[in-house]
Amino acid sequence: MDPTQKPNPIYDIVILGASGFTGKYVVREALKFFQTPSSPLKSLALAGRNPTRLTQSLQWAAHPNSPPSSVAILTADTSDPDSLRRLCSQTKLILNCVGPFRIHGDPVVSACADSGCDYLDISGEPEFMERMEAKYHERAEATGSLIVSACGFDSIPAELGLLFNSRQWEPPSVPNQIEAYLRLESDKKIAGNFGTYESAVLGVANADKLKELRRSRPRRPRPTIHGPAAKGPALENQKKIGLWALKLPSADAVVVRRTLTTLTEKPHGLPGVNENPDQIQKREAYWSTIKPAHFGVKITSKSLFGIFQYITLGVSLGLLSKFSFGRWLLLKFPSVFSAGVFQKKGPSEEEVESATFKMWFIGRGYSEESLASQGNTKPDMEIITRISGPEIGYITTPIALVQCGLIVLGQRESLVKGGVYTPGIVFGSTDIQQRLEENGISFEVISKNKIQE
């Protein structure tokens with residue numbers, strides 16, 4: 001028997017943090033696929049500190065039906081390593097919804113890496129994600145624990161959106177730059193998730209630690225991108241989509257760059273633990289169509305006032321996150337310092353149901369690869385694609401996380417044995433796009449044009 005294989009676990013999936021704002025929506029999404037004929041999710045448990053709140057979360061998620069009696073309630077606390085080890089011994093896969101991850105995530109990843117249990121989360125925190133890779137990648141490789149962060153709105157749409165746009169550049173054309181433009185829409189005013197806000201405050205506060213971590217790590221090869229990097233404006237009126245756009249320092253850009261770096265090291269993608277020849281051929285064919293490009297993200301608004309709200313938030317975070325009293329103010333009065341973008345109380349179900357997102361990917365590049373090497377030649381081709389879907393934090397995030405989880409359960413043999421990776425490189429060549437499309441997230445090609453200077 002393979003020493004990395006543990007005894008048959010009781011549960012296919014444990015949702016950790018299942019009673020939190022996002023966690024209960026993840027439970028609701030998971031129940032749609034629980035014990036259905038074609039689903040690999042046959043056994044499920046919810047875990048957290050408070051069994052009463054977990055039971056209430058299950059009842060809320062199952063409504064109007066009665067909750068399935070076979071869903072177990074388990075007690076676990078991220079500050080209690082023994083409880084996390086017990087959790088890992090009982091399940092194939094943990095879906096972790098307990099943020100901020102830089103505070104609560106490390107013990108969970110550590111327990112999974114030690115035990116060989118697989119792990120997915122919804123973190124959008126670059127410092128946490130890169131630190132987990134530095135600390136646990138080799139151990140996870142050895143034990144067969146697959147650890148993938150950013151499996152929610154951060155950063156599944158950005159990763160798959162870049163890959164989808166890149167695949168539209170058929171030879172001999174090549175992309176140079178693909179920029180994502182995010183538009184959040186709602187019939188009702190909807191406040192952002194406080195956990196996301198708290199993570200942003202802590203992320204800005206600890207930006208120096210991320211720089212320090214990167215300096216301490218070995219340099220990895222950079223992707224070969226055709227043509228020079230173009231420096232675009234921080235604020236622009238993007239006429240192609242009729243919106244004002246502000247450049248965003250985003251986790252998405254960091255995650256996409258890490259995926260492209262891994263692809264540079266492993267041009268055929270990550271070999272599966274037990275792939276058949278057809279699966280190998282499919283994976284290698286998929287990755288051969290992906291061409292790297294410079295990538296960035298911009299947040300958009302129909303008006304300059306909307307952009308001003310985002311600038312207010314950015315200035316508040318930048319000025320106040322660096323010292324403890326400033327962080328206290330930011331976290332005590334989120335609505336004030338974010339100009340109403342975030343608040344402590346989560347949105348109502350009606351507010352969540354009314355919200356949607358659109359993410360355009362505007363790719364600029366060359367109709368002929370040879371043009372890119374001709375010094376000052378400007379891009380002469382543009383491809384615009386778009387991903388659209390429901391509200392980002394409570395609907396799209398659970399859809400993405402649960403579909404990634406079902407792929408891990410049902411297609412484990414064709415995924416890499418173990419290690420700490422980004423979602424793009426793990427799930428890109430699977431049927432993840434088709435699954436998202438079946439669950440309300442659309443991918444479309446908007447236009448392919450020659451650029452008229």
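Centroid-to-centroid, using Cα positions, the range 154-178 and the range 355-401 are 6 Å apart. The alpha carbons of the range 263-404 stretch over 54, 46, 34 Å along the principal axes, in descending order. Just the number, please: Stokes-Einstein D of the range 152-261 in µm²/s, Kirkwood Rh from C-alpha pairs, 37 °C, 0.692 mPa s. Rounded to a whole number, D works out at 194 µm²/s.
Semi-axes of the equivalent ellipsoid of the range 1-79 are 22, 17, 10 Å, computed as sqrt(5λ) over the eigenvalues of the C-alpha gyration tensor in descending order. Among the protein heavy atoms of the chain, carbon and sulfur supply 53% of the accessible surface, probe 1.4 Å, non-protein parts ignored. If Lys and Arg each add +1 and Asp and Glu each add -1, what is the summed charge of the other residues whose beta carbon sits under 10 Å from the beta carbon of residue 366? Once all neighbours under 10 Å are counted, the net charge is -1.
Divided by 2.2 N^0.38 Å, where N counts the residues, the Cα radius of gyration of the range 101-161 comes to 1.08.
Size descriptors for the chain, from the alpha-carbon set: Rg then Dmax equal 21.6, 66 Å. Based on Cα atoms of the range 224-289, Rg over Rh with Rh as the Kirkwood radius reads 1.15.
Could you tell me the center-to-center distance, by alpha carbons, between the range 256-287 and the range 94-125 in angstrom? Spelled out, the Cα-based centre of one part sits 24 Å from the other. Can you pull out the trypsin sites (Lys or Arg not before Pro) in the range 218-322 that DSSP calls coil and that have at most 15 other Cβ atoms within 10 Å? In loop regions of the range 218-322 (DSSP not H, G, I, E or B), the sparsely surrounded trypsin sites (Lys or Arg not before Pro) are 219, 231, 239, 240, 302, 322. In terms of Cα atoms, the Rg and Dmax of the range 373-453 work out to 17.4, 50 Å. Once divided by 2.2 N^0.38 Å, the Cα radius of gyration of the range 61-194 becomes 1.33.
Taking 29 Å as the straight-line reach from the Cα of residue 345, the lysines in range (excluding those fewer than 8 positions away in the same chain) are 24, 32, 188, 189, 247, 298, 302, 322, 332, 358. With one equal scatterer per alpha carbon and no solvent term, the Debye-computed log10 I(q)/I(0) for the range 19-128 at 0.12, 0.19, 0.23 1/Å reads -0.41, -1.02, -1.41.
The shape of the range 339-408 can be summarised by an equivalent ellipsoid whose semi-axes, obtained from the alpha carbon gyration tensor, come to 39, 17, 10 Å from longest to shortest.
Accessible surface area normalised per residue over the range 358-397 is 36 Å², counting heavy atoms of protein chains with a 1.4 Å rolling probe. Under the combined filter of DSSP loop state and at most 14 neighbouring Cβ atoms within 10 Å, the range 1-77 retains none of its chymotrypsin sites (Phe, Trp or Tyr not before Pro). Straight-line cross-link reach from residue 344 at under 16 Å between alpha-carbon atoms covers these aspartates and glutamates, not counting any fewer than eight positions away in the same chain: 198. About its Cα centre, the chain has a charge dipole of approximately 1020 debye under the convention of +1 per Lys or Arg Cβ and -1 per Asp or Glu Cβ, with nothing else charged.
The C-alpha atoms of the range 68-119 occupy a region whose extents along the principal axes are 34, 22, 17 Å, arranged from largest to smallest.
The values are calculated or read from the model by the stated rules, or taken from the named source; none is laboratory data. Worth saying up front: this structure is predicted, and the values here are computed from it rather than measured. Every residue, glycine as well, gets a Cβ built from its backbone with ideal geometry; the counts of neighbours run over all protein chains shown. All accessible areas refer to the heavy atoms of the entire protein, side chains included, with ligands and DNA or RNA removed. Shrake-Rupley method; radii C 1.70, N 1.55, O 1.52, S 1.80 Å.
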